[in-house]
């Protein structure tokens, strides 16, 4: 059964038998931008597509950024994190993520304390008109979805969101839903990193 996670809530990344998960897929998805239609809408890209980018940043215990994975750097230097590729349009099924980042939890270096997942607007557009976004967690070994976090983004005049994080605990790894918007220019992972660091 999929656990619906609310903003600010954390869950342990464990199987039913209590053993920790070894590898997870963090999926990030967003709907098509809603359009009022009309000639001008069609002329200026009224199909609702928008190029949002999912990325993640790994941090050490001092909240110092160690590495980042995004569409221009699909693999972490240590090989434990992999981005499956860029989706430049958005939309599709509300249940399927647009972009997926795989994390081999067993292979993440010991100095990494947290991995923060973000979405930013490469084209510089805001999230206004995009009705919602979500983040889900899938156990890569069983293929089953174990958690989902839904957040409303419509009407938000922002270009980036801190979505969630995966972080170490005394007993293993946990997932936390964040859902905080970011101000300023948010076209790259470097733009969003200073605000993501606050949640590492």
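Here are a few things to note about the model shown:
- Residue order, fewest to most surrounding Cβ atoms within 10 angstrom, among 14, 6, 165: 6, 14, 165
- By the count of other C-beta atoms within 10 Å, a proxy for reagent exposure, 52, 28, 19, 105 are ordered fewest to most as 19, 105, 28, 52.
- Here the simple spin-label model places points 7 Å from the Cα toward Cβ, and for residue 123 and residue 190 these points are separated by 2.4 nm.
- Using a simple spin-label model with pseudo-atoms 7 Å out from Cα toward Cβ, residue 96 and residue 16 lie 2.7 nm apart.
- Residues 145, 12, arranged from fewest to most other Cβ atoms within 10 angstrom of their Cβ, appear as 12, 145.
- The range 136-177: relative contact order in percent, alpha carbon pairs under 8 Å with at least 6 residues between: 24
- Average Cα contact separation per residue, the range 129-200, under 8 Å, 6 or more apart, as relative contact order %: 24
- Computed from the alpha carbon atoms alone, the convex hull of the range 95-200 holds 111 Å³ per residue.
Bear in mind these aren't lab numbers, they're just calculated from the coordinates by the rules spelled out. Everything numeric here is computed off the predicted structure, so don't read it as measured data. Using ideal geometry, Cβ is built from the backbone for each residue, glycine included, and neighbour counts are taken over all protein chains shown.
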